[in-house]
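Read through the structure below, which is laid out as structure tokens, and then see the notes.
The values are calculated or read from the model by the stated rules, or taken from the named source; none is laboratory data. Because the structure is a prediction, the values reported are computed rather than measured. Here the Cβ is made from the backbone with ideal geometry for all residues, glycine too, and neighbour counts use every protein chain on show. Accessible surface areas use protein heavy atoms only, side chains included; no ligands, DNA or RNA. Shrake-Rupley method; radii C 1.70, N 1.55, O 1.52, S 1.80 Å.
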Amino acid sequence: MRILRAVGVESEMELTFAALHQLCAPLLGLLPALPAPQSEALATVFGTQAGPPPDRFLVGLSVLSLLSRAADDQPLFCVVDDAQWLDRSSAQVLGFVARRLLAEPIAVAFGARQPAEELLGLPELELAGLRDVDARTLLDSVIPARLDGHVRDQIVAESRGNPLALLELPHGLTATQLAGGFGLLSAGTLPDRIEDAFRRRIDGLTDNARTLLLLAAAEPVGDPAVMWRAAERLGLPLGAALDDDTEHLLSIQERVTFRHPLVRSAVYGAATSADRRVVHLALAEVTDRELDPDRRAWHLASAAAGPDEAVAAELERSAERAQARGGLAAAAAFMQRAVTLTTDAGRRADRAVAAARASLHAADLETASRFAEIASREAQDEAQVARALLIRGHIAFASGRNDEAIPLLFEAAQRLQPLDMAFARETYLVAWGTAAVLAADRDSMETISRAVVALPPVTGEPRPLDLVLDGCARLVTDGRAVAVPLLKLAAAAIADLPVRDVLTWGWQASGVFTAIWDDELMRAAHSREVDLVRRAGALTELPIHLVSQAVTVIWTGDFAAAKILVGEGDLAAAATGAQLAPSAGFVMSALQGREAEAVPLLRTAIEQAREARQLMGVTYASWAAAILYNGLAQYAEAVSAAQVCADIGDLFISVWALPEMVEAATRAGDEARAREALARLADATEPCGTDWALGILARSRALLADEHLAAELFAEAVERLSRTRLRPELARAHLLHGEWLRASGRTEAARDPLRTAHQMFESIGMEAFAERARRELVAAGETVGRRASRSSANDELTPQERQIAVMVRDGLSNHEVGARLFLSPRTVEWHLRKIFVKLSITSRRQLRSAITGADWAPGEAAASSLVTE
């Protein structure tokens with residue numbers, strides 16, 4: 001096997017991807033063999049080319065591909081020691097890779113005192129101590145005097161069989177102390193006591209020897225040349241420093257290594273702060289300013305006895321470089337240290353904002369809050385006050401303190417208004433969108449919207465952001481008749497939104513398409529957003545965009561394609577640690593009418609959204625519940641679910657619940673509530689003028705119209721919805737028409753629309769609605785059996801195998817499938833071999849004929865790969 005090594009070093013924990021550099025440096029020649037986005041991501045991380053900061057999960061996927069490619073030539077064994085001291089970026093990537101090794105000839109072994117959080121969940125083997133009899137033998141081998149049996153047993157017991165403890169604890173203790181046990185009375189954990197034993201040995205060394213050890217402890221790379229140059233700068237006579245006792249603690253060969261990590265910490269901990277500063281300054285002076293500026297800056301910061309503007313500026317530049325490489329934790333650490341070395345209040349405020357922002361991005365909310373408070377306290381002008389308010393608002397939202405987030409963001413926008421109108425409008429949009437998601441305070445929505453409407457007109461060509469902001473604000477202040485023309489302009493502009501805007505505020509675009517009821521534009525935009533996000537390698541952002549695309553595909557009735565998207569979104573969320581509500585999943589379960597599956601999902605989603613005070617999440621789940629109960633003909637429950645949406649308001653998702661309320665309330669005999677919902681639905685749809693909007697409105701009006709008008713409205717609904725791809729909505733129009741005809745006594749005429757609805761529901765997979773149509777057909781005099789459950793090749797495959805089979809059938813390569821499912825190409829091939837056996841085929845080409853039919857329908861999930869080539 002080929003062995004690759006990396007070692008975590010305590011003083012390097014703040015340097016981004018430090019351990020990953022060690023492990024992957026021998027493999028950099030293989031980068032050109034990777035798909036372009038992956039090779040570019042690693043080249044940026046390793047500093048061989050400049051580029052935008054790569055998504056950390058794209059880096060993980062790229063390292064997985066790199067190791068897999070290297071293993072094509074020879075099996076790999078990756079040894080990562082002292083993993084408790086890995087820098088966070090490397091730990092995240094290596095944990096990500098280790099969890100996805102399945103079919104590759106690759107082994108990864110981490111050695112750690114305690115597993116880092118990023119490595120939890122990996123298989124563990126706890127190394128126990130020696131057996132008592134072996135421990136006694138080892139102890140006797142290093143103690144020349146005869147030990148009292150009770151004392152020996154106490155040493156063995158307290159060492160818990162740790163060989164290092166047995167070897168090191170006796171050092172520095174006299175025979176009398178050992179014999180009587182007097183040297184064993186100090187308190188502390190076992191590692192503390194081992195470290196104390198090393199300190200006792202260090203205390204007995206010469207000044208020169210201790211300085212040499214301190215240089216080695218402070219220089220984390222283990223480069224002998226750097227250490228010798230620093231020693232020379234300090235005037236350290238090497239011959240005198242390298243005595244026999246030093247060699248027992250330190251090895252200087254091609255690398256400088258300590259006998260044990262506790263020696264390093266013991267050396268560094270035993271030194272005075274003045275001695276540490278001297279050593280760090282020497283190391284900074286011999287570290288190349290061009291080749292290793294970040295490590296030089298860190299040494300300079302450690303050498304600073306007090307505030308130092310020059311060093312703070314160096315740290316600020318290091319933070320920018322770390323950010324560019326995707327090292328969020330490292331960027332935060334550099335900026336935090338820069339703040340502590342800054343005395344000028346204005347610069348300190350700016351750097352505190354940057355430190356708070358970097359800490360927020362690194363998910364360290366407590367530290368982010370602390371530096372945001374420093375920024376507020378040190379702010380010298382309105383611009384700094386506004387930026388401090390803005391970052392505090394973002395932190396409050398991320399921390400779930402929603403009552404604080406909205407006013408902070410709104411005040412930041414107001415303060416920015418006279419300083420930078422473009423930035424102010426961006427901030428207003430963030431504040432408006434946050435309030436819309438939370439939907440916790442209608443007064444806040446109105447206050448923000450009125451402030452936006454009062455802004456001076458945009459000079460020149462308005463940005464898509466400006467159109468979205470103005471349209472959303474008018475939606476609240478003036479209603480849909482005024483807002484829809486603006487929102488249509490915004491929707492057209494969003495269709496060409498650049499990737500930067502998609503990643504920063506594109507999530508708000510969903511509301512625009514909902515408000516104007518344009519399903520084609522919505523479907524195309526969400527497909528494009530997923531395309532852009534994949535191409536950008538922004539895997540952290542990918543799950544939410546996949547959910548949006550999945551919902552648009554679900555609405556076409558292509559459940560097979562939607563399942564692929566839902567599965568990919570779940571995998572992306574699990575890989576990135578995103579907390580993603582299963583919204584697409586419960587919408588699909590609701591349309592399918594699977595009560596046992598949908599109800600627990602919906603209840604959990606509603607409870608979690610209520611706890612987080614994100615009422616848009618409550619609205620989404622309640623809308624899906626109304627669909628479910630209408631399909632099951634449980635109309636009272638459907639009314640209750642739709643009423644939850646009505647109580648929240650009619651901004652976005654709640655409007656979709658209005659047709660459900662009209663249908664359920666009509667069937668439940670509550671005509672007043674049905675007419676109220678119909679009036680609100682008309683206000684929401686008539687200004688839009690799309691076939692989707694007017695088709696749904698005609699279908700709903702028909703339920704409350706007289707006989708002559710109802711027939712015309714049902715015909716209009718069918719005609720308009722037939723011009724869309726919304727097959728479930730069209731099938732429901734046929735069902736309602738057939739039910740109305742049968743209830744009117746025209747049984748024979750009812751059979752045709754009921755038969756059409758039943759066939760459509762069955763082909764789509766809307767089981768509850770299909771059963772509702774079947775019962776109506778039986779009541780109309782037709783004999784219709786219940787659909788028998790069908791077994792197929794689909795049932796033979798696991799969900800992941802099914803995803804792979806569909807993607808490969810639709811032309812994606814192993815690299816492309818792996819990029820989507822966070823697998824190596826070799827693992828994809830391993831799954832394919834299992835798929836071939838289960839489907840009794842022998843080639844990829846045969847997949848096209850082996851997986852056909854409604855359950856395997858090709859859909860929008862099978863677009864070309866975007867993370868890869």
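Table for the structure above
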item: Helix 767-779 axis, angle to the chain major axis (alpha carbon atoms, nearest 10°); result: 20
item: Accessible area per residue in Å² at 1.4 Å probe, computed on segment 632-697; result: 34
item: Sites ALA313 and ALA422, calculated FRET efficiency, Cβ-Cβ separation with R0 35 Å, nearest 0.05; result: 0.80
item: Computed [θ] at 222 nm, deg cm²/dmol, the chain (DSSP H ≥ 4; -39,500 (n - 2.57); rounded to nearest 500); result: -20500 deg cm²/dmol
item: Two-decimal Rg/Rh across segment 589-706, once Rg and the Kirkwood Rh are taken from alpha-carbon atoms; result: 0.97
item: 25 °C / 0.890 mPa s Stokes-Einstein diffusion coefficient of the chain, Kirkwood radius on C-alpha pairs, µm²/s; result: 78
item: Heavy-atom accessible area per residue - segment 416-499, 1.4 Å, Å²; result: 41
item: Check: segment 351-441 dipole with +1 on Lys, Arg Cβ and -1 on Asp, Glu Cβ, in debye; result: 160
item: Chain lengthening between ALA596 and ASP72 when straightened (0.36 nm per residue, less Cα-Cα); result: 184.0 nm
item: Dipole of segment 576-717 [Lys/Arg +1, Asp/Glu -1 at C-beta], most positive-end residue of PRO659, ALA598, PHE714; result: ALA598
item: Set of aspartates and glutamates near LYS838 by C-alpha distance (under 12 Å), chain-local residues within fewer than 8 positions excluded; result: ASP795, GLU796, GLU801
item: Among ALA282, SER813, ALA773 the positive-end extreme of the charge dipole of the chain (Cβ point charges); result: ALA773
item: Helix axis angle, 365-378 relative to the chain longest principal axis, alpha carbon, degrees; result: 80
item: Average accessible area per residue (Å²) across segment 264-325 - probe 1.4 Å, nucleic acids and ligands excluded; result: 45
item: With every protein chain in place, the chain: carbon and sulfur % of accessible area (1.4 Å); result: 51
item: Mean Cβ neighbour count within 10 Å, used as a protection proxy, ranking 73-81, 352-360 highest first; result: 352-360, 73-81
item: C-alpha long axis of helix 542-554 to longest principal axis of the chain, angle in °; result: 20
item: Peptides ranked, highest mean first, by Cβ atoms within 10 Å: ranges 703-712, 724-733; result: 724-733, 703-712
item: Per-peptide average of other Cβ atoms within 10 Å, ordering 600-613, 751-764, 464-477, 662-675 highest first; result: 464-477, 751-764, 662-675, 600-613
item: Full-stretch length increase - GLU382, GLU796 - with 0.36 nm per residue and alpha-carbon distance subtracted; result: 142.6 nm
